[in-house]
Structures are given as C-alpha cells and as structure tokens.
1. So the check is Cβ under 6 Å with 6+ separation or different chains; which pairs have a first residue in the stretch 148-173 that's on the phi > 0 side of the Ramachandran plot and a second one that's part of a loop (DSSP other than H, G, I, E, B)?
2. Inside the stretch 332-346, can you point out the residues that are assigned to a helix (DSSP H, G or I), surrounded by fewer than 22 Cβ atoms within 10 Å (Cβ to Cβ) and in contact with a Gly (Cβ under 9 Å, 6 or more places away or on another chain)?
3. Of the residues 316, 381, which is at pLDDT 95 or above and of a type in the set (D, E, K, R)?
4. Inside the stretch 411-430, can you point out the residues that are part of a strand (DSSP E or B), under 25 Å from residue 381 (Cβ atoms) and out of contact with any Asp or Glu (no Cβ under 6 Å at 6 or more places or on another chain)?
5. Within the stretch 371-378, identify whether any single residue is surrounded by fewer than 20 Cβ atoms within 10 Å (Cβ to Cβ) and within 19 Å of residue 203 (Cα to Cα), and answer yes or no.
6. For the condition open to solvent by 10 Å² or more (accessible area, probe 1.4 Å), modelled with pLDDT of 95 or more and within 26 Å of residue 335 (Cβ to Cβ), what is the one hit in 413, 427?
7. Kindly list the number of the only condition in (1) over 29 Å from residue 87 (Cβ atoms); (2) surrounded by fewer than 17 Cβ atoms within 10 Å (Cβ to Cβ) that fails for residue 233.
8. Given the criterion open to solvent by 40 Å² or more (accessible area, probe 1.4 Å), β-branched (Val, Ile, Thr) and modelled with pLDDT of 95 or more, identify the matching residue among 254, 249.
Amino acid sequence: MAMKTARSRIISMLLAAVMVLGTLTPVFAEGEAAPDNSTGTVASEVAAAQETTAAAPETIKTAKRLRVSGIDAAFKSAVVSSVFLGSNCSPRNLVTSAYKKKIKLTWGSASNSAGIDGYIILRKDLKGSRYSEIARVGRTVTSYTDTKAKTKNKFYQYNVVAYKKVSGKVRISGTTGWAGSVTTRSKKKNVNSLTFTNLASVAAIMKGRSITVKVTFPKKAYSKSIRWSSSNSNVASVDSSGRITAKNIGTATIYARTHTGKMISIKVTVFKGGDAQSMVQVMRSWMDYSYTNGKHKSIVDIYNSMYPLPAGYKMKYWDAWCDCTVSAAAIVTGNAEKTGRECSVPRHIKIFKSLGIWLEGNNTVPQPGDLIVFNWFPAVKNNASHIGIVEKVEGNTITTIEGNMGIGKVGRRTIPVGWKYIRGYARPVYTPLPAPDPVDPDDTEDSDETGDAESGDDPE
C-alpha cells in the first residue's frame, strides 16, 4: 500500500512538471534563429513580431526653419526636417559673379535631376547668421540673377538646395556650399581667379614631407580666404592654410575655392623618393611647364633653393633650363647627392665622371632614370648641348622627358637606341626598389603610358 502511494506521488509530480514546462515561452538572444519546430509555432511568432517592428510608421516633422548641411536656413513654406533627399539630388559647385546692381549665381545640376522638382536659392549678408529663401526655380534651371543685391559695398552670400514634393510635403537636399560676391560698386575686388606660384614644388611631393601652396591674389581682393580640400586625404591631405602633407604613394587632386566659388586645382603625385622611378614621376608631373605659361619659374625656384649654388650662380627665369630641370627633380626626390646639381651640361658631365656614373657614347641601352646627354653637333668632339631623363625603353625605342625642349617647355622625345645625337648617359646609384610580389601567370598587364614624340630643340 505504501509503495502504491509513493508511486502515485511521483507520477503526480512528473505530470505537474510537464504542465509547467508546457507554459514556458522560449527566449532567444538578439539575432539568434529560432530552433526547428514541428508545428512551426515559435518561428512564425518571432517572424510576425519582426514584421510588426519593421512596419512601424515614420515620424515626419516639418518646419519653416531648420539646419541643413550645417547652416541655419529659413524657408517660405514648411519643409521636411527629418528626411532629406539623397546626395545624388544635391546641386554642385555654386559660383557667383557681380554685375551692376545684381549678382548672378550658377551651379551644377544634380546628377539625379529627374528626381527633383527644382532648386531653392538661399541668401544672407555677413551681419546675419541665418539664410533666407529668396526664390525657387525649376529643375532644368542652373542659374539665377539676384536683382535685389543693390546695396553699395555689401557682401551677399548664397547657398542652393534641391527640393521635391513627396505626398504633399517638401523635402530638400544638402547644399552646394556657400559662395558670395561684394557688389560691384565696392572698391574691393571679388576674387574670381587664383594663381599658384610654386606648382613644381606641390605637383610632386616625397612621402612624409609637407609643402605649403603659395597663392597670388589680385590687388584689392575682397577676401584672401581659401577653402581647401583634397580628393584623397589618404594620399595627400591639406589643411586650412594650404599646407599639403604627403601621406601615401599615389595621386590626389588639391582644390582651392575662393569666396565667389571659383575653384582651381592641382594634381599631386606622392612618391617614395631616392629611387629612379621617383625621378621619372617628378618629371612627368612637370609636363608642359614652359616659358609660355610661366610654370617653368617654379622649377627654377627649386633649383635656386638649395645652397651652395653650383658655380655660385643663381638661375634667371630666362636662362636655358634643361639641366636646371634635371637638378631640380633630383633635389625634390632626395637624389641630389647621387646625380649632382648643375645648370651647365658640360660641367655636369665632369660631376658624373667624378661620381663614377658616366657612360660615354651612344651605344648603351639605357634604363629608366638614366640621365641622357645630347650633342647637337656630333662633329665637335666632347660637345654637350642638352640633357634630360630616360622615362622608358621599349625594344630599340627610348622615350625621354626633358626641360627646355623646343620653344621652351618640359616635353617628351622618342628616339632610337644609338641615335647619333646622343653624347652619353649618367647612371646614378639610386636606392633600389623593393623586390616585386610574385606575379600570377594568369594576370595580364594592361597599362601602358605613352607620349607624343617631340621635335625638341634639335636641329632637325
């Protein structure tokens, strides 16, 4: 009897435990999948809960005043302040130009112009901190003339956004970035152009070095402030003073924007330094610098920046500058001790010989980075007329880059190995390049830099 009673108690306890377990709901960690279930009840409940959360209604706030792209703006009608149009709907590159009693605005259309209804023009003066809407134009319009900008000696500042009506509510894009002009009756001049004066120094910079861009402003400039930016800050960054820092090998474009929105840029090449390829890269970055455009002056400035000056002579801008160009490239790449510096080709050959790097004659097959010396009068023994650098050698064809070619520019020349006007070569002991990674035989090389042949300053 006692055994039956005990057995009954055990059975009752087991049944109670089963009933309790049956009322429990499984709890899963966030992101954890529900376990397989023959009835599918638990999995379907989790899915339903997720669908309910995703379908929560969006809260849209509208206001006539809001902050957009960091500016305080007031609109004539309420706009959506919590949902903005995508970046492909934003207008670009706002530029202003002042005329008599009016200021004209122009901008680049949004890349997705089909996705907008038009543009809103915003304006403020320097005393105010808030922009106000002054007009709306259609999506195919990319200019606007403000005929109310009449106050003498006053600076008007503008921004432009795109807009679109969605379900009866106005949504806007980010701004173009500000641009402005002082009225034309002012004694001050709007800065509609800039000039870089040290192009050669910033066009190619050794990794780890910093160079400040020098800018020439027009006289009586209203503002000498510049907004700087870089297309790739991982390669070359630029700060608010125009100081460029070369971070990693590659290329980047540095932009300078005036208060009127006018913009100029320069492509910057960051190189390792010390090796032959760096010399070639720098010479490439100076292509087409010439007497005509005045850019050769920055090459001469580099040559004159390193003391003591060879033969104690400071180069003039109108001097022959072929050897000056090669020497300047050696200076900026850290190769000056390996190549020597000179502005006279005959004297430079003496330096090459003292360094033990001179290869007399035209039968040598050169290497990229070799310095090539020409003699335009082969009948005159030991004459030296001109110098450049070997860019590349393909079979029996040599491509060079030279300063002061033809009418006085940095350009390319294509000649055969053994050309009769070649006096000889200098092969500096450059820093060797690191061993290349193993090449996959399935990979193919599809890049090939080519250049037009130049007639140069040879007699033919």
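The values are calculated or read from the model by the stated rules, or taken from the named source; none is laboratory data. Remember, predicted model here, so these are calculated numbers, not experimental data. Neighbour counts are summed over all protein chains in view; Cβ atoms, including those assigned to glycine, are modelled from backbone coordinates with ideal geometry. Note: accessible area is taken over every heavy atom of the protein model, side chains too, but ligands, DNA and RNA are not part of it. Shrake-Rupley method; radii C 1.70, N 1.55, O 1.52, S 1.80 Å.
1. Within 6 Å, the pairs are 153/186.
2. First pass over the stretch 332-346, keeping only residues assigned to a helix (DSSP H, G or I): 332, 336-339, 345-346.
If we keep only those that are surrounded by fewer than 22 Cβ atoms within 10 Å (Cβ to Cβ) as well, we get 336-338, 345-346.
If the condition is that a residue be assigned to a helix (DSSP H, G or I), surrounded by fewer than 22 Cβ atoms within 10 Å (Cβ to Cβ) and in contact with a Gly (Cβ under 9 Å, 6 or more places away or on another chain), then 338 is the only one that fits.
3. Working: 381 fails: at pLDDT 95 or above.
Of the residues listed, the single one that is at pLDDT 95 or above and of a type in the set (D, E, K, R) is 316.
4. Residues of the stretch 411-430 that are part of a strand (DSSP E or B), as a first pass: 411-416, 422-426.
With the extra rule that they be under 25 Å from residue 381 (Cβ atoms), the set shrinks to 413, 415-416, 422-426.
Within the stretch 411-430, 415, 416, 422, 423, 426 qualify.
5. First, pick out the residues of the stretch 371-378 that are surrounded by fewer than 20 Cβ atoms within 10 Å (Cβ to Cβ): 376-378.
Remaining after also requiring within 19 Å of residue 203 (Cα to Cα): none.
Looking through the stretch 371-378, none of the residues is surrounded by fewer than 20 Cβ atoms within 10 Å (Cβ to Cβ) and within 19 Å of residue 203 (Cα to Cα).
6. Details: 413 fails: open to solvent by 10 Å² or more (accessible area, probe 1.4 Å).
Result of the check over 413, 427: 427.
7. All conditions are met except number (1).
8. Numbers: 254 fails: open to solvent by 40 Å² or more (accessible area, probe 1.4 Å).
The unique qualifying residue is 249.
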